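The values are calculated or read from the model by the stated rules, or taken from the named source; none is laboratory data. These numbers were taken from a predicted model, which means no experiment stands behind them. In this analysis, Cβ positions are derived from the backbone assuming ideal geometry, glycine residues included, and neighbour counts consider all displayed protein chains.
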Amino acid sequence: MNGAQALIRTLVDHGVDTCFMNPGTSEMHFVAALDDVPDMHSVLALFEGVATGAADGYARMAGRPAATLLHLGPGLGNGLANLHNARRAFSPVVNIVGDHATTHRRYDAQLQSDIETVARNVSTYVHTSTATAALGADAQAALAAAVGPPGTVATLILPADISWSEGGVVVSGSAVVPGGTVTPPTGAAPDEAAVRAAASALRSGERTAIFIGHRACVGPDLEVAADIAAATGATFFAETFPARLERGSGRPPVERLAYLAEFASMQLEGVRHLVLIDAKSPVSFFAYPGKRSDLVPEGCTVHTVAGPADDASAALAALAAELEVPPGSATRQQAVVPDLPTGPLTAQAVCQTMGALLPEGAIVSDEGNTSGLFAPGSTAGSPPHDWLCLTGGAIGQGLPVAVGAAVAAPDRRVVALESDGSAMYTLQAWWTMARENLDVTTILLNNHSYAVLNMELDRVGADAGPRAKEMLDLARPSLEFVPMAQGMGLHAARAETAEQFADELAKALATPGPSVVEAMIPPLM
């Protein structure tokens, strides 16, 4: 058995049975070994950023890692933006990055680079394998690091000769990977003093807010957090961009903190105690002249009940017990489906139609940016669904995360709410959707503009003239998404009225396989 065969068998034996890849010459023995281990589902991406984003989306929905296979330092570099988003989502990802054979490094060939330095930008764990016999153990160590808690990106660098040499040893058994659960297997026990302090704040009568993130946004943890907020009268907030938020009818409603610092400050105004449950203290995304970066109101005390490495479930249970909160205290979102709009097609009409047609169990990968601002409100009362957000702010996530989510949950419809500018970063994801016949419907919001940057141009106080504004305009030439999607094997249609959009979206959602509905909308600003 060579090293590549031992590596893949070890990954599969530990529950990692999906690998998103864009391989090159140094990874050919890994690719060849796929025929010997049919339990590994290999998914080809035409660009490394699609592979890394898909691994993130897979982890968010499966609750366990996927692997990636990337080619040398440049390949890892191409996938870095979505690994940054995965790191911010606490998604467990095992990167396998091929390297030149150890005997070849001294020649400084054209693709030679410092892979470890590149990997450390996004990886908590980085290791270069040096012995074929140890490769299985190296994979197990990388996997343990990726799972955490917290979940993280672990990068294993695989020299070509370590991969092709005989002597590979499979490391079997799996106490490392949680069996498809969202919550990591372990975590630090609750800090009793922190729990008592938070409980005291919630009993104080002063305005208190509970701020949840990551694991507290799904499953029983979301239910308990909502019950605590309802029983104590606390305001209930979630992070601006949670990795995965369960929402819709029958679930506890939670208000996300606004992206714009001015609006977030208004939401938090008057809060005297901020209780953090698997969330970090809120800050603005960027610095703005004359404005605070720290969004915590002056005079507000921050109470951290559970952080990323803690057992959030146990911490929430302890807080609920301390406060004697009865289960089921929180109200549930009522089923409210908006009417289908008519007339001109606007961003608001697109989101209203989405709310009217969203199927039960849908997974929404949201990179709608400015034009998608109406989507959370329009879908609040839609059938139960999951919402996946742009955790790290690096655009180009939406379509790859949709790929990974669809691979992880093949029985559910995925809706990629995508803006035109962001889509162009990783449009190759459409090809992978077609190749894998994934049930992904892309709503493409086309306003011919980097609208979010036009907004930021004003907010930072920059004095912009026509040449500057031209750098944010996507209308010269116009992007034609329907033929691009058709050229990659997807069904695609364009809508220019609200009626057309509703008709095309309904057909797309009802038809198996991937499709694109391009919505031609005016800019919001």
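Residue by residue through the range 296-350, note down the ones that are within 27 Å of Ala380 (Cβ to Cβ), within 25 Å of the chain's Cα centre (by Cα) and crowded, with 20+ Cβ neighbours inside 10 Å.
Val305, Ala306, Ala312, Leu316, Ala347, Val350
For the range 258-285, name all the residues that are crowded, with 19+ Cβ neighbours inside 10 Å and not in a helix (DSSP H, G or I).
Val271, His273, Leu274, Val275, Leu276, Ile277, Asp278, Ala279, Pro282
Sort out for me the strands (runs of 3 or more DSSP E) sitting completely within the range 191-256 that have 3 or more residues that are under 19 Å from the mean Cα position of the chain (by Cα).
Qualifying strands (runs of 3 or more DSSP E): 245-247.
Between Val93, Val37, Val50, Val97, which is without any contact (Cβ under 8 Å) to a residue 40 or more places away in the chain and not charged (D, E, K, R)?
Details: Val93 fails: without any contact (Cβ under 8 Å) to a residue 40 or more places away in the chain; Val50 fails: without any contact (Cβ under 8 Å) to a residue 40 or more places away in the chain; Val97 fails: without any contact (Cβ under 8 Å) to a residue 40 or more places away in the chain.
Step by step, each of Val93, Val37, Val50, Val97 is checked, and only Val37 is without any contact (Cβ under 8 Å) to a residue 40 or more places away in the chain and not charged (D, E, K, R).
Step by step: first the residues of the range 451-479, then only those that are of a type in the set (A, V, I, L, M) and touching a strand residue (DSSP E or B) at 6+ places or on another chain (Cβ under 9 Å), then the one that is modelled with the lowest pLDDT. Which residue is that? Break it down into steps so the answer makes sense when it comes.
Looking only at the range 451-479, we keep the residues that are of a type in the set (A, V, I, L, M), and these are 451-453, 455, 457, 460, 462, 464, 468, 471-472, 474-475, 479.
Subset that is touching a strand residue (DSSP E or B) at 6+ places or on another chain (Cβ under 9 Å): 451-452, 472, 474-475, 479.
Details: Ala451: 60, Val452: 65, Leu472: 72, Leu474: 74, Ala475: 73, Leu479: 88.
It comes out as Ala451.
If the requirement is being assigned to a helix (DSSP H, G or I) and in contact (Cβ under 8 Å) with a residue 12 or more places away in the chain, which of these qualifies: Ala318, Ala330? I'd like the intermediate steps shown before the answer.
On the way: Ala330 fails: assigned to a helix (DSSP H, G or I).
Among Ala318, Ala330, only Ala318 is assigned to a helix (DSSP H, G or I) and in contact (Cβ under 8 Å) with a residue 12 or more places away in the chain.
Inside the range 25-74, can you point out the residues that are touching a His at 6+ places or on another chain (Cβ under 8 Å) and of a type in the set (A, V, I, L, M, F, W, C)? I'd like the intermediate steps shown before the answer.
Applying the first criterion (touching a His at 6+ places or on another chain (Cβ under 8 Å)) to the range 25-74 yields 25-27, 48, 72.
Hit for the range 25-74 is Leu72, nothing else.
List the number of the failed condition for Asp339; all other conditions in (1) outside the structural domain of Val218 (by TED's automatic domain parsing); (2) touching a residue at least 40 places away in the same chain (Cβ under 8 Å); (3) more than 27 Å from Gly57 (Cα to Cα) hold.
Just one mismatch for Asp339, condition (2).
So, restricting to helices (runs of 4 or more DSSP H) that lie completely within the range 1-101, which ones have at least 1 residues that are over 15 Å from the mean Cα position of the chain (by Cα) and among the hydrophobic types (A, V, I, L, M, F, W, C)? Before you say what the answer is, go through the steps one by one.
Numbers: elements: 3-13, 28-33, 48-62, 72-78, 80-88.
Passing ranges, in order: 3-13, 28-33, 72-78.
Take Gly290 and decide whether it is out of contact with any Gly (no Cβ under 6 Å at 6 or more places or on another chain) and free of Cβ contacts under 8 Å to residues at least 12 places away in the same chain. Lay out the reasoning, then the answer.
On the way: out of contact with any Gly (no Cβ under 6 Å at 6 or more places or on another chain): yes; free of Cβ contacts under 8 Å to residues at least 12 places away in the same chain: yes.
Here the answer is yes, as Gly290 does meet what is asked.
Of the numbered conditions (1) within 21 Å of Leu373 (Cα to Cα); (2) in contact (Cβ under 8 Å) with a residue 12 or more places away in the chain, Met266 fails exactly one; give the number of that condition.
It fails just one condition, (2).
Go through (1) within 30 Å of Ser422 (Cβ to Cβ); (2) in the same structural domain as Leu202 (by TED's automatic domain parsing) and name the single condition Ala317 misses.
(1)
If the requirement is being in contact with a strand residue (DSSP E or B) (Cβ under 6 Å, 6 or more places away or on another chain), farther than 15 Å from Val415 by Cβ and of a type in the set (A, V, I, L, M), which of these qualifies: Val516, Val482?
Working: Val516 fails: farther than 15 Å from Val415 by Cβ.
Within the list Val516, Val482, the selection yields Val482.
Quick one: is Val407 of a type in the set (Val, Ile, Thr), more than 14 Å from Met354 (Cβ to Cβ), touching a Phe, Trp or Tyr at 6+ places or on another chain (Cβ under 7 Å) and buried (at least 22 other Cβ atoms within 10 Å of the Cβ)?
Numbers: of a type in the set (Val, Ile, Thr): yes; more than 14 Å from Met354 (Cβ to Cβ): yes; touching a Phe, Trp or Tyr at 6+ places or on another chain (Cβ under 7 Å): yes; buried (at least 22 other Cβ atoms within 10 Å of the Cβ): yes.
In short, yes.
Filter the range 195-208 down to residues that are crowded, with 23+ Cβ neighbours inside 10 Å and of a type in the set (A, V, I, L, M), then give me how many there are.
Number satisfying all stated conditions: 4.
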